[in-house]
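Asks: The structure under discussion is supplied below as structure tokens; questions concerning it will follow.
The values are calculated or read from the model by the stated rules, or taken from the named source; none is laboratory data. Computed from a predicted structure; not experimentally measured. Here Cβ is always computed from backbone atoms with ideal geometry, including for glycine, and neighbour counts include all displayed protein chains. What goes into the accessible areas is simple: the full protein's heavy atoms, side chains included, and nothing from ligands, DNA or RNA. Shrake-Rupley method; radii C 1.70, N 1.55, O 1.52, S 1.80 Å.
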Amino acid sequence: MHLTKKEEKMLDGEEGYAVKKSMEILVALGNIYDAERLIKVGSVQVAGVSYHNLGEAGLEFLNELAKDGRVKVLTTLNPAGMDLKDWKKLGIDEEFARKQNLVIDAFKKMGIIISCTCTPYLIGNLPRYGEHVAWSESSAVTFANSVIGAKTNREGGPSALAAAFVGKTPHYGLHLDENRAPDIRFHVAVKLRKISDWGALGYCIGKKAENKIPYITGIEDVDLDELKSFCASVVTYGSKPLFYMKEMTPGSEKYQLPKETITIENEDIEEAYQSINDDFSAVDLVCIGCPHCSIKEIAEIAKLLKNKRISPNTEFWVACSRSVKQIADKRSYTITIERAGGKFACDTCMAVAPLKGRFRSVATTSAKGCYYSRHNNMMTKMGGLKECIDAAVKGKWS
Ligand code: F3S
């Protein structure tokens, strides 16, 4: 990979340890993927924030970089392992909280915005169409590429941090137009009625796409929350972090329909639900907000919970960014949800909080949430918002 004189000096250590290490990572990546050069990025989104996933080795790595590493571009963070303010309310233990705060301190020192959300595009990290960025959380990467039309590979935590310290990333993969053409058409011959149907659709397309880029037809209407749900699911279950949806996402007009076509029928959606839903009744946890809730979703939750009471046998979590929660506070959605017995889980999520062993079962609107909950040894139910709230109130799935 060709380096400019300035980049060579960075690699030699002229700008300190963190930049040198970052250049080593970027050059290694660039060489593996045959990148010709580094390109500037407009923003970075860093995953790998939860102490639950990082452990001691990860914390040590971050502290080393934080000694002299300062980010050069707008950089935001993925969810952490706990609500940074109200962690006690979520049952997080003191030692975990202490370690998680050390991780956050390291990121703060680097100049990263402590946004702790997988929906950075809802709180100000919103790239422009065609802009190169280096993001790492898979649903956010898919949203950036597909819904915004920005260009990013799915970065790992270290390569995203490296891009933040250098302000650049190697020019390969989805940064190149020739790698962004759709390979396979999915025609959706199904009416999608509730938010979880978008997760089920993502499951079907993700599994069948087998790492190809889908071009989706047959969708006549879609809103932002449905798109973010679909983004999370389709990439979790197997497709590349980029898709086109005819007349719904930017760039879809540039491409011919791929020849290979798969039609998604009702049976496919039903099969997705069958495969995601386990056989159980008592629900220990209901979690909404994978990806993190928008203010519109929180408004719907508040409306559905008005004058209701969450079952004493069930916890009800609303996962969102702190910035979105602040809007919810002002509009009194927070008070309605908390009066009903619900809890906000800001800065964190059902996949990265240390939940293993605490809950046996979870109900959620999210196909991705179910996927990761199974990794936490939980049985899962996926359904629409009304079904999930009903389960929280009754303490069981019906
Ligand atoms: Fe976001 Fe966590 Fe889901 S990072 S997409 S809420 S698994």
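Asks: In a shell of Cβ-Cβ distance under 12 Å around I262, excluding I262 itself, what net charge do Lys and Arg (+1) and Asp and Glu (-1) give?
Replies: Residues close to I262 contribute a combined charge of 0.
Asks: Related question: Counting only residues 5 or more places away or on other chains, whose amide H sits under 5 Å from the amide H of V286 once H atoms are built in the peptide plane?
Replies: Hits under the 5 Å cutoff: E315, F316, W317, A363.
Asks: Would you tally the net charge around A150, using a Cβ to Cβ cut-off of less than 12 Å, leaving A150 out, and scoring K and R as +1, D and E as -1?
Replies: +2
Asks: By per-residue mean of other Cβ atoms within 10 Å, what is the highest-first order of 124-130, 227-233?
Replies: Ranking the peptides 124-130, 227-233 by packing returns 227-233, 124-130.
Asks: How many nm separate the modelled label positions at R331 and N63, each set 7 Å beyond the Cα in the direction of the Cβ?
Replies: Modelled inter-label distance: 4.2 nm.
Asks: Using a 10 angstrom cutoff on alpha carbons, build the Gaussian network for the chain and name the most mobile of I104, I39, I288.
Replies: I39
Asks: Which order do H375, H171 take by accessible area at a 1.4 Å probe, largest first?
Replies: Details: H375 100, H171 40 Å².
So, going from the largest accessible area down, we get H375, H171.
Asks: How would E270, E155 line up by accessible area, probe 1.4 Å, largest first? Display every interim value, and only then the final one.
Replies: Values: E270 105, E155 10 Å².
Descending accessible area places them as E270, E155.
Asks: Let me ask you something else. Treating only the Cβ of Lys, Arg, Asp and Glu as charged (+1, +1, -1, -1), what charge dipole size does segment 156-248 show about its Cα centre? Round to the nearest 20 debye.
Replies: 260
Asks: Would you pull out the residues with amide H under 5 Å of K168's amide H, same chain only if 5 or more places away, H placed 1.01 Å from N?
Replies: V41
Asks: Give me the compactness ratio for segment 200-345, meaning the Cα radius of gyration over 2.2 N^0.38 Å. Don't skip to the end; give the middle numbers.
Replies: Working: Rg = 18.2 Å, N = 146, 2.2 N^0.38 = 14.6 Å.
Relative to the rule-of-thumb radius for its length, segment 200-345 sits at 1.24.
Asks: Hey, another quick one. Which ³J(HN,Hα) values in Hz, rounded to whole numbers, follow from the phi angles of segment 257-269 under the Karplus curve 6.51 cos²θ - 1.76 cosθ + 1.60, where θ = phi - 60° and Gly and Pro get x?
Replies: Whole-Hz 3J(HN,Hα) from phi for segment 257-269: 5, x, 5, 5, 10, 10, 9, 9, 10, 3, 4, 5, 5.
Asks: Take every Cα pair under 8 Å in the chain that's 6+ residues apart, average their separations, divide by the length, and report that relative contact order as a whole percent.
Replies: 17
Asks: On a straight-distance basis, which lysines could pair with K306 in a cross-link, Cα separation under 25 angstrom, same-chain partners fewer than 8 positions away excluded?
Replies: In chain and number order, the partners are K89, K194, K296, K325, K330, K343, K381, K386, K394, K396.
Asks: Under 5 Å between amide H atoms, partner at least 5 residues away or on a different chain: which partners does T75 have, H built in plane at 1.01 Å?
Replies: Those lying under 5 Å, H to H, from T75 are V44, I113.
Asks: How long is the gain from E260 to Y129 if the chain were fully straight, where each residue apart is worth 0.36 nm and the alpha carbon distance is subtracted?
Replies: Using 0.36 nm per residue and subtracting the Cα-Cα distance, I get 44.4 nm.
Asks: Quote the Stokes-Einstein diffusion coefficient, in whole µm² s⁻¹, for segment 259-398, based on the Kirkwood radius over alpha carbon pairs, a temperature of 4 °C and a viscosity of 1.567 mPa s. Walk me through the intermediate numbers first.
Replies: On the way: Rh = 15.4 Å.
For the chosen part, D equals 84 µm²/s.
Asks: Further question on the same structure: Counting only C-alpha contacts under 8 Å and six or more residues apart, can you give the relative contact order of segment 258-398 as a whole percent?
Replies: 33
Asks: Here is a follow-up. Roughly how many Å² of R37 are accessible to a 1.4 Å probe, to the nearest 10?
Replies: Accessible area, nearest 10 Å²: 110 Å².
Asks: List the Cys residues of the chain that have no partner Cys with a C-beta closer than 4.7 Å.
Replies: C116, C118, C204, C231, C287, C290, C346, C349, C370, C388
Asks: Roughly how many Å² of T263 are accessible to a 1.4 Å probe, to the nearest 10?
Replies: Roughly 60 Å² of T263 is accessible to a 1.4 Å probe.
Asks: Quick one: ranking R339, R193, R374 by accessible area, 1.4 Å probe, largest first, what do you get?
Replies: Reading off the accessible areas and sorting them downward yields R193, R339, R374.
Asks: Using θ = phi - 60° and the Karplus form 6.51 cos²θ - 1.76 cosθ + 1.60, what ³J(HN,Hα) does each residue of segment 342-347 get, whole Hz, x for Gly and Pro?
Replies: x, 10, 8, 10, 6, 6
Asks: Additional query: In whole Hz and in residue order, list the ³J(HN,Hα) couplings for segment 227-237 that follow from phi through the Karplus curve 6.51 cos²θ - 1.76 cosθ + 1.60, θ = phi - 60°; x for Gly and Pro.
Replies: 5, 5, 5, 4, 4, 4, 6, 4, 7, 5, 8
Asks: Then there's this: Write down the percent of antiparallel bridges among all DSSP beta bridges whose residues are both part of the chain, to the nearest 5.
Replies: 10
Asks: Restricting to DSSP H runs of at least four residues, report the calculated mean residue ellipticity at 222 nm for the chain, -39500 (n - 2.57) per run over all residues, nearest 500 deg cm²/dmol.
Replies: Estimated from H runs of four or more residues: -12000 deg cm²/dmol.
Asks: Right, next: Just for the Cα atoms in segment 59-128, what are the lengths along the principal axes, largest first, rounded to whole Å?
Replies: If we take the Cα atoms of segment 59-128, the spans are 39, 30, 14 Å.
Asks: Same structure, new question: Using a 1.4 Å probe on the protein heavy atoms only, what accessible surface does Y371 show? Give it in Å² to the nearest 10.
Replies: Y371 exposes around 80 Å² with every protein chain in place.
Asks: If I build a Gaussian network model for the chain, linking alpha-carbon pairs within less than 10 angstrom, which residue out of W87, W317, W198 has the largest mean-square fluctuation?
Replies: Top of the fluctuation ranking is W87.
Asks: Return the Cα extents of the chain along principal axes one, two and three, sorted largest first, each rounded to a whole Å.
Replies: Principal extents (Cα only, largest first): 65, 56, 36 Å.
Asks: Right, next: Where both residues lie in segment 246-398, what percent of DSSP beta bridges are antiparallel, nearest 5?
Replies: Looking only at bridges with both residues in segment 246-398, the antiparallel portion is about 5 percent.
Asks: For Cα pairs less than 8 Å apart in space and 6+ apart in sequence, what is the mean separation divided by the residue count of segment 55-144, i.e. the relative contact order in percent? Don't skip to the end; give the middle numbers.
Replies: On the way: 71 pairs, mean separation 32.0, N = 90.
About 36 percent, as a whole number.
Asks: Can you give the Rg to Rh ratio for segment 1-136, taking only C-alpha atoms and Rh from Kirkwood? Mind showing how you got there, number by number?
Replies: Values: Rg = 16.4 Å, Rh = 16.3 Å.
Rounded to two decimals, Rg over Rh is 1.01.
Asks: Still on this model: Specify the residue with the greatest mean-square fluctuation among K356, K151, K381, computed from a Gaussian network of the chain linking alpha-carbon atoms under 10 Å apart.
Replies: Its mean-square fluctuation being the largest, the pick is K356.
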